[in-house]
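Take a look at the structure below.
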Amino acid sequence: MFRLYSEIFSIELDYIFKLVLYSLKVLKMLDEGKSREELVDELKELKAILKSNQESTKKIIENERILSKTALELVDLPPHVDIYDFIAKKLGDLIENSLIAVSMYDEPSDSILVRSVIGENQRLIELSQKIMGGGLTDIKLPLRSFYEFYDDKEHQKNTILSGKLLKMEDGLYQVFAGRLPQKITRMVELTMNMGDMYGTGFESKGKLYGTVYIFLKKGNKLNNNELVQSLISLFAVAIQRKQAENEIKKALKEKELLLKEIHHRVKNNLMIISSLLNLQSAHIKDEGARNVFRESQNRAKSMAMIHERLYRSTDLKNIDFGEYIRSLTTDLYRTLVADPDRIRLDIDVEDVKIDINTVVPLGLIVNELVTNCMKHAFPDGETGYIKLELYQKSQKIVLKVIDNGIGFPEDLDYKKTSSLGLQLVNNLTKQIDGEFELDRNQGTSFALIFEEKE
């Protein structure tokens, strides 16, 4: 846009300058004492020059407008719109009475493949079927054929591969790089009333991305070559950018699939470990040792559930941790609480989105705190409730595990304890840069406050 305004400003200055020269020349003619007829003739000539300059100015401004508009359309091009179709339609709208064929370069086969044709008719489709056995968009030409058609290197530089719009002096025979007999190409030209033909490649930074051919009807001329060439250069850059974006998306998709497969395998391995611990605990007679095995089994199962959720998630930056808490605590409740009528489980969690780097340690923290409540808060058949809360407050995320049981022992420092579970909670809280708080009023309330990292 800045370029457009600069160009207009430069043109206006040039126009003013020429008006001044025009005025000076008129004054000079008057001083020379020329006849009225001579003055009129020279004034007409000067007016014609100024009119031509005005028309040239308008043309440049209009060309810049078209280029700017096209550039913006390319930037905002929806993903579902094929860029080759867009190019063909754009050139077809600009060049009247023409047929536009846009091709892409296919690197694996080192060939030119026709992707979009605008302006074709039924007769041309029938000829294509008869001569080549397929439609126009089925045409495929090996790139080497362009080099073979021009046997000396000097001509090769000035061919379709140069990126410069060129007139195809040998018509369709040159378009097909000699792959079709000249008699057949001439017959098609006469049948379809074809006139001048132009072509070039979409070339950017020394790399070919495709080709474009412009076929005019007999008697028509290609106007505004400079605009067409500028558009083709713009299209070449747009195709390059589009292909780069597609390659990045493909690489990200592959990495995402690989990461999902890793999570899937980790989940399977953890479930195997959990099952082995369960089998082993069945043979242990000592109750204390059996409880240790069960706790380890629940930890493995908790981590397996996290990796299962990661495997199924479509966005590893925004994992629904609220849903995970519902699944985990319900599973723990069924495992650890023998009498559901004695202990009630209340889950009040929002659907908070959490990053993959936070969700694993946070899942283990939830497992330890909920397990601790279910095992120790209601001894000797006492009744009560366990409540979980998860919500977002400003930039902070708050997780609370509350019970109205016997309360946390007053003489026990929860930050300095020999309990493996609380040691894990404290270490994992530091890992996510959170704050861990304990409230002993009316039972026990553990609160974890943390901020999601960018």
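The values are calculated or read from the model by the stated rules, or taken from the named source; none is laboratory data. Keep in mind it's a predicted model, so treat the numbers as computed, not measured. We place every Cβ from the backbone using ideal geometry, glycine too, and count neighbours over all the protein chains shown.
Only one entry of ARG290, ARG294, ARG309, ARG265 meets the criterion of being assigned to a helix (DSSP H, G or I) and loosely packed, with under 13 Cβ neighbours inside 10 Å, and that entry is ARG265. Elements of the type strands (runs of 3 or more DSSP E) sitting completely within the range 53-154 and holding at least 1 residues that are in the same structural domain as SER204 (by TED's automatic domain parsing) and buried (at least 19 other Cβ atoms within 10 Å of the Cβ): these cover 98-106, 111-118. Exactly one residue among ASP196, ASP152 is modelled with pLDDT of 85 or more and farther than 28 Å from GLN243 by Cα, and that residue is ASP196. Could you please find all residues in the range 432-446 being surrounded by 16 or more Cβ atoms within 10 Å (Cβ to Cβ) and within 43 Å of the chain's Cα centre (by Cα)? Passing the criteria: ILE432, GLY434, PHE436, PHE446.
Taken together, ASP341, ASP331 contain a single residue that is assigned to a helix (DSSP H, G or I) and either farther than 26 Å from ASN426 by Cβ or more than 25 Å from the chain's Cα centre (by Cα) (or both), which is ASP331. Taking every residue in the range 242-266 that is basic (Lys, Arg) and pairing it with any residue that is in a helix (DSSP H, G or I), at least 6 positions away or on another chain, the pairs with Cβ-Cβ distances below 8 Å are LYS242/ILE83; LYS260/LEU310; LYS260/TYR311. For GLY219, the criteria (1) surrounded by fewer than 14 Cβ atoms within 10 Å (Cβ to Cβ); (2) out of contact with any strand residue (DSSP E or B) (no Cβ under 9 Å at 6 or more places or on another chain); (3) small (Gly, Ala, Ser) hold in every case but one, which is (2). A count restricted to the range 401-422 and to residues that are touching a strand residue (DSSP E or B) at 6+ places or on another chain (Cβ under 9 Å) and surrounded by 17 or more Cβ atoms within 10 Å (Cβ to Cβ) stands at 7. Kindly evaluate TYR198 against the criterion of being over 23 Å from the mean Cα position of the chain (by Cα), surrounded by 15 or more Cβ atoms within 10 Å (Cβ to Cβ) and of a type in the set (Phe, Trp, Tyr). Yes: the conditions hold for TYR198. Among the residues making up the range 349-371, a single one is surrounded by fewer than 20 Cβ atoms within 10 Å (Cβ to Cβ) and either polar (S, T, N, Q) or under 16 Å from GLY443 (Cβ atoms) (or both): ASN357. The listed residues are VAL398, VAL425, VAL359, VAL366, and the only one of them that is in a helix (DSSP H, G or I), within 21 Å of THR329 (Cβ to Cβ), among the aliphatic types (A, V, I, L, M) and touching a strand residue (DSSP E or B) at 6+ places or on another chain (Cβ under 6 Å) turns out to be VAL359.
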